[in-house]
Structures are given as C-alpha cells and as structure tokens.
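A.B. asks: Please find one structure pasted underneath; my questions will follow.
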Amino acid sequence: MHVVATAGHVDHGKSALLRALTGTDPDRLAEEQRRGMTTDLGFVRTRLAFDGGEDDVAFVDVPGHERFVPTMLAGVGQVGAVLLVVAADGGWMPQTTEHLDALAALGVRRGLLVLSRADLADRAQRDGVLARAATELEGSGLEWLVRVEASAVTGEGLAQLRAALARVLATAPRPDPAAPVRLWVDRSFTVRGAGTVVTGTLAAGTVSAGDELALPDGAPVAVRGLQSLDAPVASATGPARVALNLRGVTAAAVRRGTALSAPGTTTTTTSADVRLLPVPGRGAADGDQRWPEHLVLHLGTAAVPVRVRPLGPASSGGRHARLSLASPLPLRTGDRGLVRDPGGHRVLAAALVLDPAPPALSRRGAARERAAVLEQVAQQAVVAGDPAGELDRRGQVTRTQLRALGLGREAVDALAGAPGVLADGDHLVSAGLADALRARLPGELAAHRREHPLEPGPPLEVVRRRLGLAAPGLVARLAGPALAVREGRLVAGAAPAGPALPPAVERAVGEVLADLAREPYAAPEAHRLRDLGLGPRELAAAVRAGALERVAEGVYLAAGAVQAAPQVLAGQLPDPAAAFTASEARRALGTSRRVVVPLLELLDRRGATRRAPDGTRTLAGPGLSGRA
C-alpha cells in the first residue's frame, strides 16, 4: 500500500479531484457536504497500475482553510507523498504557501503538483500559474514534483495523473517492516458490539491482531482486531491506513494526537532537545529575530504548545534548542516535526528531535555546552541510530532507556559485549566513564581505610554512591587485578583475606591470644574484652584479620580452636565413641557453659558432632571431624 495526502488552498478542488480519481467522496461529514468545504480529514482509496501488477493507494484529504491548518498537519504528519493542488483559475494562494512550508519542514519530497480545475483556464493562465508555482517551489525540496494538469469535471488529465502518481510512488523507499510500531491516532470512536476503534497512518513496522501496544503513559492496550482499507486483516505493514479495535481503553482516552507504540520503544517526555532547521526555501530557522511566545509543536498527529529555549548561537543551518512541552509526547531520537506560530499563520522551523531525555541545565554555561554536544550528535547522524554514540555521550544508561529512544534492541544489546563497556543486567557504563571511575577506586579504598581503619574496605554500596553508579554490581565489574570484592566489600586484590590491624587493636588481641594459649576454650569475659578496648568493631576486625574466631555473640576463641575441638574432645572424653553431655564436654575442654553450649551448636552445624533427641551428642568420626 501507499499513502498520499493532499495539500493546497481552500476551494482549489482537492476533494473533487479525489472524488474523480476514486469514485468516493472524501468529505465524510454532512456539514462538509452541505457547505461544500472540507473541515476534517477524509479518507478514500483506489488502485493504481504498477510494473508487475496493481497496488492500493490510500489518500488522506486535508482541509485547506487557514482555520484548519492543525487538522491539515495531522493528516500529512505520517505520509511520504503529496498531491499539492493549485487551481488553474485561482493561482498560488497564502494557504498554498503555508501548506508547502509544512510539507518542506516535515521532509516530504515526493508527489505531484496538480494544476486543478484546468477546464476553467486557458493556456496562458495555466502557464502563468505553473511559472509562479515553479518559483515558489524553488529550494523547498519539492521543486521536482511532477506537474500534471487535470479537471475533475471534464476528466482531462486524470489518466496522466494516475500514471504519473504510480511512477512517483514506485520509486519510494519501503519502510522497515520490523521497525517498532508507533501509530499516531487521527480518529477514535466506539462501535456497538466491538468497542473502541482508532484509525491512523502506520508509517513503518507491522501490527497484528493480538499485539499489545502502550499508551504514552505506559498503560497497555490490546489489539483485538484490525482492518485496512475497510477489510479485516490479520496484520498490516507500513505504510498503510489501519483501523485498530482496542481492548482496555475508551475512545475518549485515545483522541487525535495520541500515539500507540510498541512497549518500551518511546520516551514520553515534556522536554526535548532538538535541531531547529530552516524551512527549505525560506531562509534561516530564526537568525536574530525574536519568536512569539506562544508556539505549537506539530509532530505525528499531535499539536502541543511549547516554549523554545535556544541553546547556543544560531547559524545558517539552524540552531539547537530545548523544547518544553505543555503536555507529554512519546518521542524517539530522529523524530521530525515542525514549530508553528498559530497567530502569524506561519511555519517557523522544522524540529529534528536529537534527545527526548535531555539532562538538566542547572549551571552557568550549561546551555552553550549542551549545544556543542548536540552539534556532535547531529554531525554523527545519531538520528539514523547510534547506540554506541548515545552510550558514550550519556556515560551511564540502561538498555531500556536506549530502546526507548527508538534504538534497535539487537544493536543496544550488543553494547554489553563492546570493548571496555561495563554491563550489569540492564545497566551499561561507557568505556570512557569506566576508565575514569576505575582510576578513582584505589583512592576511594585508601580514603575509606583512613576513615575506618578496622574495616578491610568500603562496602560496595558506599562505593556505588561515591562514584554515582546505578548498581553495586557495576562496582564489582570495575575492580581490576589490583582490587577485588570480598564479602560485599572492595578490598586490595593482592592482600590476604584479613588486613593488618591497627597497632592498639593488635596489642589487645595479642593479650587475648596469650590468655587463650593457656586455656584455649576459656573465652574472655565481656569485662576483660572491655578493659582491653575490644568492642564489636575491633573484634570483627580481628575475625576478618584471621586472629580470632567468633563462636557466638560475645564468645571469641583463637583461630583454629573450633576446628580442633573434636580432636580435643576425642582425647579427653572417657569413651570417644559414646554419647556425651554438654557438662562432660565442658569439663573435657576446660571451659564454661557460656562457651560450650554455642560451641557444640556450631560443631553440630558443621557436622562434627551429632545431637540426639535426649540432648546428648556423639562425635561424627575421624572422617567428618577432620573437616570440622
């Protein structure tokens, strides 16, 4: 299928021309037919002969009156070809100019210039109108429109029009059928027994019955069924006119200007950085002139009031700006719209979306710096899809966020394996930022050791916050050969499991070890530890250093004492193979109940002893006790 829109001044015969071409009146409303003037979008179709067969061509008829320019822009926002109609007896008119500016700004470059109502003008009149049109089209990008003279009344030129349109459409590039779907709604209504139905021009991608799409706020809607050209179909591939029967939404919630998108493929935003491009054939985008305060962004079928903040100086090639939208739109990098002054009835500039998720501009000079970044974006043609470039500019981003810019899933996922890029689940860090952060890690480790000498290193969460990373797992992936992650902390990679203790702590621990050397299982009492200055933090550091072993809260023994306990019991109990009580174990180890009860429980957990229902225990045997 091909989709073509009309354009041109009011009363220049656009609807009559389509009626003659298709046999169907594009004016759907009774008021339009009564007044003889198009006020809303109309939709008709025909079939044209192409090499190798026939193709469907759908037409979107737009109103030509200046009051309905927003409606006209909703009709042409997603089409790739146009019938620009100029009446032979009326000539070039103001709305012809504004419609041409809109088409040029939106990037429409294919179609026909149709000299309509040819039966009402002689040769000299026709030639004069065509000459004026050639002048107006110069530099617009549409100067190569094929010229056709036609009359809807006499039928003159209609066959030539059909043939010329087929030749033009045959050269149009075909959109990617696998592109992520986004349908800008141009009509919504309720059908009895079916529910909500929306229509729109599908520019690219494929939509099928059973698909799930997302509203701009992310809410899901299901496609119950669809039609194309009034016929039920299982799926439709852009470009195509489609009608979707939706489940999970009312018609009032999906009015004109709403977009239905493949989930996760757009960024719904009220702020976007754009390149404002001059309207082809009309000069600079803004130069030094001051724009009116009240402007409107037209994109897809949406029309949203915007405030424009210039970023950096203007040039002959346009300027960068930040748009603040009065209501959110689901955008992608590379989207193209236009900025219009509704009061002055003029298109001011094309708007090419470079970043629908821009950073805040919070410091002096940030706007100019941002303009330099956007200049790089434009030069590197990120609008064609550059996940690696987006990652480099953002430094840290999620795959979900990159896909929401409109970048392809496969290309985004491939970044996880790119040289130097850090990946942790959904999170990505660019190679450049990773190198810079990796260089900071030794300093972060040293600073934490100075502030917390009893700790082997900072917890990953602390490092994550200091480096501004999104996930602790990224810290672990940053650690190089000189660093390591142990027990959730960043430590020196070449260091033993336990770091050296501060001198005062080392001396106190030495006294504890001297006591335990005389009575290995007589764990020091709380007051003894307190007198030595060994609190919970110091004791924990001694355990990490491998000097002490924690049996239970407040019960500490020398390292290796727990592992040796089964052998000690085997040598001190009267019958090592017989069951023994906790009291017997206490006497065998020369300790107290405070120590022996948690010690035996620890040996149970390690499998060195087995506890019977009556509370007695047996040694697990040489094989198992050796593992204790």
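A.B. asks: Among the residues of the range 85-100, are any at pLDDT 90 or above, open to solvent by 40 Å² or more (accessible area, probe 1.4 Å), closer than 22 Å to Gly200 by Cα and not hydrophobic (A, V, I, L, M, F, W, C)?
C.D. replies: no
A.B. asks: Residues to consider are Arg617, Arg544, Arg518; find the one that is basic (Lys, Arg) and surrounded by fewer than 19 Cβ atoms within 10 Å (Cβ to Cβ).
C.D. replies: Details: Arg617 fails: surrounded by fewer than 19 Cβ atoms within 10 Å (Cβ to Cβ); Arg544 fails: surrounded by fewer than 19 Cβ atoms within 10 Å (Cβ to Cβ).
Step by step, each of Arg617, Arg544, Arg518 is checked, and only Arg518 is basic (Lys, Arg) and surrounded by fewer than 19 Cβ atoms within 10 Å (Cβ to Cβ).
A.B. asks: Right, next: State whether one or more residues within the range 88-106 are closer than 22 Å to His298 by Cβ and of a type in the set (Val, Ile, Thr).
C.D. replies: The answer is yes; a qualifying residue exists.
A.B. asks: Quickly run through the range 1-54 and pick out the residues that are in a helix (DSSP H, G or I) and open to solvent by 70 Å² or more (accessible area, probe 1.4 Å). Lay out the reasoning, then the answer.
C.D. replies: Step one: filter the range 1-54 for residues in a helix (DSSP H, G or I), giving 14-22, 30-35.
Matches in the range 1-54: Arg19, Ala30, Glu31, Gln33, Arg34, Arg35.
A.B. asks: Could you tell me which of the residues Ala360, Ala366 is out of contact with any strand residue (DSSP E or B) (no Cβ under 6 Å at 6 or more places or on another chain), without any contact (Cβ under 8 Å) to a residue 40 or more places away in the chain and open to solvent by less than 40 Å² (accessible area, probe 1.4 Å)?
C.D. replies: Values: Ala360 fails: open to solvent by less than 40 Å² (accessible area, probe 1.4 Å).
Exactly one of Ala360, Ala366 is out of contact with any strand residue (DSSP E or B) (no Cβ under 6 Å at 6 or more places or on another chain), without any contact (Cβ under 8 Å) to a residue 40 or more places away in the chain and open to solvent by less than 40 Å² (accessible area, probe 1.4 Å), namely Ala366.
A.B. asks: Condition first: under 14 Å from Leu569 (Cβ atoms) and surrounded by 15 or more Cβ atoms within 10 Å (Cβ to Cβ). Now tell me which residues in the range 591-610 satisfy that. Spell out the reasoning first.
C.D. replies: Step one: filter the range 591-610 for residues under 14 Å from Leu569 (Cβ atoms), giving 591, 595-596, 599-600, 602-604, 606, 608-610.
Thr591, Val595, Val596, Leu599, Leu600, Leu602, Leu603, Arg606, Ala608, Thr609, Arg610 - these are the residues of the range 591-610 that are under 14 Å from Leu569 (Cβ atoms) and surrounded by 15 or more Cβ atoms within 10 Å (Cβ to Cβ).
A.B. asks: Glu156 - would you say it is within 30 Å of Thr333 (Cα to Cα), surrounded by fewer than 19 Cβ atoms within 10 Å (Cβ to Cβ) and charged (D, E, K, R)? Steps first, please.
C.D. replies: Values: within 30 Å of Thr333 (Cα to Cα): no; surrounded by fewer than 19 Cβ atoms within 10 Å (Cβ to Cβ): yes; charged (D, E, K, R): yes.
Answer is no for this residue.
A.B. asks: Among what's in the range 188-210 and is free of Cβ contacts under 8 Å to residues at least 40 places away in the same chain and part of a loop (DSSP other than H, G, I, E, B), pick the residue that is nearest to Ala302 (Cα to Cα).
C.D. replies: Keep residues of the range 188-210 that are free of Cβ contacts under 8 Å to residues at least 40 places away in the same chain, which gives 192-193, 204, 206-210.
Of the ones still in play, those that are also part of a loop (DSSP other than H, G, I, E, B) are 192-193, 204, 209-210.
Working: Arg192: 27, Gly193: 29, Ala204: 18, Ala209: 25, Gly210: 26 Å.
The residue in question is Ala204.
A.B. asks: Something else now. Which one is most open to solvent (accessible area, probe 1.4 Å), of the residues in the range 188-207 that are of a type outside the set (A, V, I, L, M) and farther than 21 Å from Thr266 by Cα? First the steps, then the outcome.
C.D. replies: Filtering the range 188-207 down to residues of a type outside the set (A, V, I, L, M) leaves 188-190, 192-193, 195-196, 199-201, 205-206.
Next, from what is left, pick out any that are farther than 21 Å from Thr266 by Cα: 188-190, 192-193, 195-196.
Working: Ser188: 37, Phe189: 69, Thr190: 99, Arg192: 230, Gly193: 83, Gly195: 23, Thr196: 11 Å².
Among those residues, the one meeting the criterion is Arg192.
A.B. asks: Within the range 601-616, work out how many residues are at negative phi and either basic (Lys, Arg) or assigned to a loop (DSSP other than H, G, I, E, B) (or both).
C.D. replies: If we filter the range 601-616 for residues that are at negative phi, which is where we start, we get 601-606, 608-614, 616.
With either basic (Lys, Arg) or assigned to a loop (DSSP other than H, G, I, E, B) (or both) added as a condition, the list becomes 605-606, 608, 610-614, 616.
Result for the range 601-616: 9.
A.B. asks: With the requirement that a residue be out of contact with any Lys or Arg (no Cβ under 7 Å at 6 or more places or on another chain), of a type in the set (A, V, I, L, M, F, W, C) and surrounded by 24 or more Cβ atoms within 10 Å (Cβ to Cβ), what does the range 309-350 give you?
C.D. replies: Leu323, Leu329, Leu331, Leu338, Val339, Ala349 - these are the residues of the range 309-350 that are out of contact with any Lys or Arg (no Cβ under 7 Å at 6 or more places or on another chain), of a type in the set (A, V, I, L, M, F, W, C) and surrounded by 24 or more Cβ atoms within 10 Å (Cβ to Cβ).
A.B. asks: In addition: Restricting the search to the range 23-47, which residues are in contact with a Lys or Arg (Cβ under 6 Å, 6 or more places away or on another chain) and not small (Gly, Ala, Ser)? Reasoning before the result, please.
C.D. replies: Of all residues in the range 23-47, those in contact with a Lys or Arg (Cβ under 6 Å, 6 or more places away or on another chain) come to 25, 42.
The answer is Asp25, and nothing else.
A.B. asks: Report every pair of residues separated by at least 6 positions or lying on different chains whose Cβ atoms are under 7 Å apart, first residue within the range 564-580 and open to solvent by 40 Å² or more (accessible area, probe 1.4 Å), second among the polar types (S, T, N, Q).
C.D. replies: Gln567/Ser625; Ala579/Thr616; Ala579/Thr618
A.B. asks: Please work out which residue is farthest from Gln227 (Cα to Cα), limiting yourself to the range 55-84 and to residues that are open to solvent by 30 Å² or more (accessible area, probe 1.4 Å) and of a type in the set (Asp, Glu). Steps first, answer last, please.
C.D. replies: So the first thing to find is which residues in the range 55-84 are open to solvent by 30 Å² or more (accessible area, probe 1.4 Å), and the list is 55-56, 65-68, 70, 78, 80.
The next check asks that each one be of a type in the set (Asp, Glu); those that pass are 55-56, 66.
On the way: Asp55: 17, Asp56: 14, Glu66: 32 Å.
By that ranking, first place goes to Glu66.
A.B. asks: Still on this model: Yes or no: Arg594 closer than 29 Å to Ala508 by Cβ and within 56 Å of the chain's Cα centre (by Cα)?
C.D. replies: Working: closer than 29 Å to Ala508 by Cβ: yes; within 56 Å of the chain's Cα centre (by Cα): no.
Taking the combined requirement at face value, the residue does not satisfy it.
A.B. asks: Against the condition in a helix (DSSP H, G or I), open to solvent by 20 Å² or more (accessible area, probe 1.4 Å), at negative phi and among the β-branched types (Val, Ile, Thr), how does Val462 come out, does it pass? Full working, then the answer.
C.D. replies: Numbers: in a helix (DSSP H, G or I): yes; open to solvent by 20 Å² or more (accessible area, probe 1.4 Å): yes; at negative phi: yes; among the β-branched types (Val, Ile, Thr): yes.
So Val462 fits the description; yes.
A.B. asks: Another question about this same structure. Output the residues belonging to the range 331-353 that are under 24 Å from Leu405 (Cα atoms) and assigned to a strand (DSSP E or B). Let's see the steps before the verdict.
C.D. replies: Of the residues in the range 331-353, the ones under 24 Å from Leu405 (Cα atoms) are 331-339, 349-353.
Once the filter is applied, which keeps residues that are under 24 Å from Leu405 (Cα atoms) and assigned to a strand (DSSP E or B), the range 331-353 yields Leu331, Arg336, Gly337, Leu338, Val339, Ala349, Ala350, Ala351, Leu352, Val353.
A.B. asks: Within the range 387-409, work out how many residues are among the basic types (Lys, Arg) and open to solvent by less than 50 Å² (accessible area, probe 1.4 Å).
C.D. replies: The total comes to 2.
A.B. asks: Of the residues in the range 418-430, how many are touching a strand residue (DSSP E or B) at 6+ places or on another chain (Cβ under 8 Å) and open to solvent by 30 Å² or more (accessible area, probe 1.4 Å)?
C.D. replies: Qualifying residue count, the range 418-430: 2.
A.B. asks: Something else about it: Give the residue, chosen from Val373, Val377, Val412, that is among the β-branched types (Val, Ile, Thr), open to solvent by 40 Å² or more (accessible area, probe 1.4 Å) and either farther than 15 Å from Val308 by Cβ or part of a helix (DSSP H, G or I) (or both).
C.D. replies: Numbers: Val377 fails: open to solvent by 40 Å² or more (accessible area, probe 1.4 Å); Val412 fails: open to solvent by 40 Å² or more (accessible area, probe 1.4 Å).
The match here is Val373.
A.B. asks: So, in the range 237-264, exactly how many residues are open to solvent by 10 Å² or more (accessible area, probe 1.4 Å) and at negative phi? Can you show your working first?
C.D. replies: As a first pass, look at the range 237-264 and keep what is open to solvent by 10 Å² or more (accessible area, probe 1.4 Å): 237, 239, 241, 243, 245, 247-253, 255-258, 262-264.
Going one step further and asking which of them are at negative phi, we end up with 237, 239, 241, 243, 245, 247, 249-253, 255-256, 258, 262-263.
Count: 16.
A.B. asks: When only residues in the range 116-125 that are buried (at least 17 other Cβ atoms within 10 Å of the Cβ) and more than 16 Å from Ala7 (Cα to Cα) count, which is farthest from the chain's Cα centre (by Cα)? Can you show your working first?
C.D. replies: Going residue by residue through the range 116-125, those that are buried (at least 17 other Cβ atoms within 10 Å of the Cβ) are 116-118, 121.
Then keep just the ones that are more than 16 Å from Ala7 (Cα to Cα); that gives 118, 121.
Working: Ala118: 51, Ala121: 55 Å.
So, considering only residues that are buried (at least 17 other Cβ atoms within 10 Å of the Cβ) and more than 16 Å from Ala7 (Cα to Cα), the one farthest from the chain's Cα centre (by Cα) is Ala121.
A.B. asks: Related question: Select, from Val168, Val185, the only residue that is in a strand (DSSP E or B) and open to solvent by less than 70 Å² (accessible area, probe 1.4 Å).
C.D. replies: On the way: Val168 fails: in a strand (DSSP E or B).
Exactly one of Val168, Val185 is in a strand (DSSP E or B) and open to solvent by less than 70 Å² (accessible area, probe 1.4 Å), namely Val185.
A.B. asks: Quick check on my filter: what residues within the range 139-153 are open to solvent by less than 70 Å² (accessible area, probe 1.4 Å) and part of a strand (DSSP E or B)?
C.D. replies: Keep residues of the range 139-153 that are open to solvent by less than 70 Å² (accessible area, probe 1.4 Å), which gives 139-143, 145-146, 148-152.
Within the range 139-153, Val146, Val148, Glu149 meet the criteria.
A.B. asks: In addition: Find all pairs meeting these conditions: Cβ atoms under 8 angstrom apart; at least six residues apart or on different chains; first residue within the range 321-341 and at positive phi; second residue modelled with pLDDT of 95 or more and polar (S, T, N, Q).
C.D. replies: If the second residue must be modelled with pLDDT of 95 or more and polar (S, T, N, Q), no pairs are left.
A.B. asks: Can you confirm whether His345 is in contact (Cβ under 8 Å) with a residue 24 or more places away in the chain and more than 29 Å from Gly64 (Cβ to Cβ)? Explain how you work it out, then say what you get.
C.D. replies: Numbers: in contact (Cβ under 8 Å) with a residue 24 or more places away in the chain: yes; more than 29 Å from Gly64 (Cβ to Cβ): no.
No; evaluated as a whole, the condition is false for this residue.
A.B. asks: For the list (1) farther than 19 Å from Glu444 by Cβ; (2) assigned to a helix (DSSP H, G or I), I need the number of the one condition that Ala476 fails.
C.D. replies: (1)
A.B. asks: Okay, moving on. Looking only at residues in the range 490-502 that are surrounded by fewer than 19 Cβ atoms within 10 Å (Cβ to Cβ) and more than 19 Å from Ala559 (Cβ to Cβ), which one is modelled with the highest pLDDT?
C.D. replies: Per the criteria, the residue is Ala492.
The values are calculated or read from the model by the stated rules, or taken from the named source; none is laboratory data. For clarity, every value in this text was computed on a predicted model and none was experimentally measured. A quick note on method: Cβ atoms are made from the backbone with ideal geometry, for glycine too, and the neighbour counts reach across all protein chains shown. Keep in mind that these areas ignore ligands, DNA and RNA; they rest on the heavy atoms of the full protein, side chains included. Shrake-Rupley method; radii C 1.70, N 1.55, O 1.52, S 1.80 Å.
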